[in-house]
Structures are given as C-alpha cells and as structure tokens.
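The values are calculated or read from the model by the stated rules, or taken from the named source; none is laboratory data. All values reported here derive from a predicted model rather than from experimental measurement. Heads up, the Cβs are rebuilt from the backbone with ideal geometry, glycines too, and the neighbour counts pull from every protein chain shown.
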Amino acid sequence: MASGSEFELGKDIKEVKNRLPKGTIWMDAKLSSGSSASIATPVAITSIKGTRFTVVSDGNRFCACTCVGEVEVITNNGKVVKLPAGEFFAFTEGEPLPDKPKSALPELEKRSAAFDFCFNCHIAGGKGKLKRDWERFIS
C-alpha cells in the first residue's frame with residue numbers, strides 16, 4: 001500500500017468488501033471456493049477474481065491494472081468492464097468513460113508514479129518484461 005492511502009479491510013469471511021477511499025494498493029488475492037471480494041472506491045468497485053492487481057483512487061480519478069488473472073470493474077453508473085492481465089482501465093468521474101481497457105505496456109514504459117508497485121515485478125523500461133525472480137517480491 002502506498003503512503004497516504006486509506007484502506008478498510010472487509011470483515012465477512014465469505015464476502016469481503018474492502019474500501020479504498022483514496023490511495024494505491026497492490027493485491028495478491030487468493031480466494032477460497034465460494035468466497036467473493038471487492039475493493040470499493042468513491043467512483044468504482046473492483047471485483048476480485050483471485051488475482052494480482054493494482055487499484056488507484058483519489059476519490060475522483062480511478063485506475064485498476066491487472067497483473068495476473070482478471071478483475072471486473074463496475075463504475076458508479078453501472079458500466080461493467082472485464083480487465084484481463086496486462087491491461088488497465090482509468091477514468092475521471094464526470095468525464096466520458098473509455099470504451100474498453102488499454103494495454104499497460106505504455107504506462108510501464110513511462111514509469112508513471114501511479115504504477116510504482118508494478119516495478120516490484122516488472123523491469124523499468126523493459127516493455128512489460130517481468131524480473132527474472134519477480135515472485136520473491138510478492139511471497
């Protein structure tokens with residue numbers, strides 16, 4: 001979790017509803033069979049599907065990026081976006097929503113601050129290439 005982030009852990013074992021009013025979090029989620037989990041921000045909810053991903057929110061802007069697996073983003077206006085590995089979905093509340101997710105590779109190349117967590121696993125400027133021993137960073 002990035003400094004300055006606010007995060008509230010869900011308490012229900014079968015349906016974990018986490019809240020991220022503001023900040024950045026990278027998660028490695030492993031759910032037991034029959035369980036569900038989500039991260040709610042002020043502008044969207046990310047449904048966790050047992051995967052690795054990042055969610056960034058400042059209360060008005062939102063971004064989710066999937067490393068492994070797939071997450072589902074549900075915006076406040078009800079749009080549902082499937083977010084497969086290697087893609088991100090970002091928007092600002094009140095502005096038109098993107099039609100679909102985008103490749104995360106250009107953002108990894110720019111090394112933008114919102115994607116700092118990505119560089120635990122990815123080589124900076126490495127065109128999305130994973131570090132040789134990247135799994136030790138998340139174990």
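Tabulated data for the structure shown
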{"quantity": "Scope region 30-72; condition among the aliphatic types (A, V, I, L, M) and within 15 Å of PRO84 (Cα to Cα); matching residues", "calculated": "ILE48, VAL55, ALA64, VAL68, VAL71"}
{"quantity": "Near pairs, Cβ below 6 angstrom, 6+ apart or cross-chain, from region 72-83 (surrounded by 15 or more Cβ atoms within 10 Å (Cβ to Cβ)) to any residue that is of a type outside the set (S, T, N, Q) and not in a strand (DSSP E or B)", "calculated": "LEU83/PRO101"}
{"quantity": "Yes/no for LYS22 being in contact (Cβ under 8 Å) with a residue 12 or more places away in the chain and either among the β-branched types (Val, Ile, Thr) or within 23 Å of GLY4 (Cα to Cα) (or both)", "calculated": "yes"}
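Results for (1) surrounded by 14 or more Cβ atoms within 10 Å (Cβ to Cβ); (2) under 18 Å from TRP26 (Cα atoms); (3) modelled with pLDDT under 90, shown as yes or no for each residue.
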| position | (1), (2), (3) |
| --- | --- |
| GLY94 | no, no, no |
| HIS122 | yes, yes, yes |
| GLY128 | yes, yes, yes |
| ARG136 | no, yes, yes |
